[in-house]
Ligand code: LMR
């Protein structure tokens, strides 16, 4: 038998076990926590700034005991694998765009993708910061995610190698979209050909000519360095891009309640900052692009905008069922003045 035949080895094993126990007890005592936050955009975007502010607040308020590691620019995970990484516990926090939840069994989130639904960010906030937003955050639980809040980026603009002002301009253009069926339908309704691609692959796809154009808020357009690849930006403002901050529920449940409160309040402040910066950063990006000699900026006339909006209307009927007619009604009611 082992203990009789080799007492020295038994002693060693006991010592190793005691050491392991001591280490785990001391970890539990010191309460150190690591929270990995992965996202796909650049650091100098509303989401990137929100994430770094969150990290700083958490470090200050926990005296460095809770460490937030932020991985931007799809360094760790991209659109194709970040949700899976969250579920498996390979990262603890994400802030995917609302357009990306439909593919993960939450089609109601595609309501935000409906073209020309919102006219301004105040309308968006009435949805995200009100009862509809709360209801949507709760639904994330169905897919093993805990929703902690919403963040704006802003309104998307079309870019290509030519202005996209009329249906004739869109005809046959291959335009990159996020993996949202509503966005694909929107492009088809306008006469374009949607090409679904992860965000991290868009630059390359534009550079190689796999796609002709894309739709982005200007902060993403600028920080992804798409300007050298797209000569024309048309200020269509046809759709909204925003995010939900989600966390792994097992990780959340493993925290002490005081730590959950600390993280919640730091996140609320970081989200407020991100929401404050979002409009500002898109404005600054526009100013910068207007100064760029390689990019032409185009505006829509009221008639051109009305014609695109009308062409996109069938998307509403096509998706009322999967989004949920009653959710759509609640959203429209929240938007109504
Ligand atoms: C996109 O894929 O275009 C956006 O969701 C990227 C982002 O996170 O802003």
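Just for region 215-266: of the residues that are assigned to a loop (DSSP other than H, G, I, E, B) and either within 11 Å of the ligand (Cβ to nearest atom) or touching a helix residue (DSSP H, G or I) at 6+ places or on another chain (Cβ under 8 Å) (or both), which one is nearest to residue 178 (Cα to Cα)? The qualifying residue nearest to residue 178 (Cα to Cα) is 217. Screening region 33-54 for residues that are out of contact with any helix residue (DSSP H, G or I) (no Cβ under 7 Å at 6 or more places or on another chain) and more than 16 Å from residue 199 (Cβ to Cβ) and picking the one that is farthest from the ligand (Cβ to nearest atom) gives 34. For region 45-79, filtering for residues that are loosely packed, with under 15 Cβ neighbours inside 10 Å and in a loop (DSSP other than H, G, I, E, B) leaves 4.
For residue 145, only one of the following conditions fails: (1) within 16 Å of residue 245 (Cα to Cα); (2) in contact with a helix residue (DSSP H, G or I) (Cβ under 6 Å, 6 or more places away or on another chain). What is its number? The single condition residue 145 does not satisfy is (2).
Among the criteria (1) in contact with a helix residue (DSSP H, G or I) (Cβ under 6 Å, 6 or more places away or on another chain); (2) exposed (fewer than 13 other Cβ atoms within 10 Å of the Cβ), the one residue 303 does not fulfil is (1). Could you check, for region 237-253, whether at least one of its residues is within 28 Å of residue 128 (Cβ to Cβ), more than 16 Å from the chain's Cα centre (by Cα) and surrounded by 22 or more Cβ atoms within 10 Å (Cβ to Cβ)? Yes, some residue in region 237-253 is within 28 Å of residue 128 (Cβ to Cβ), more than 16 Å from the chain's Cα centre (by Cα) and surrounded by 22 or more Cβ atoms within 10 Å (Cβ to Cβ). Each residue in region 151-188 was checked for being over 20 Å from the mean Cα position of the chain (by Cα) and surrounded by fewer than 20 Cβ atoms within 10 Å (Cβ to Cβ), and 10 of them qualify. Within region 202-214, can one find any residue that is more than 16 Å from the ligand (Cβ to nearest atom), at positive phi and part of a loop (DSSP other than H, G, I, E, B)? The answer is yes, given that some residue of region 202-214 is more than 16 Å from the ligand (Cβ to nearest atom), at positive phi and part of a loop (DSSP other than H, G, I, E, B).
For region 80-101, the set of residues classified as outside any strand (DSSP E or B) and within 12 Å of the ligand (Cβ to nearest atom) consists of 80, 82, 95, 96, 98, 99, 100, 101, listed by residue number.
Where a number appears in this text, it was derived from the coordinates with a stated rule and is not lab data. These numbers were taken from a predicted model, which means no experiment stands behind them. Virtual Cβ from ideal backbone geometry, glycine too; neighbours counted across all protein chains shown.
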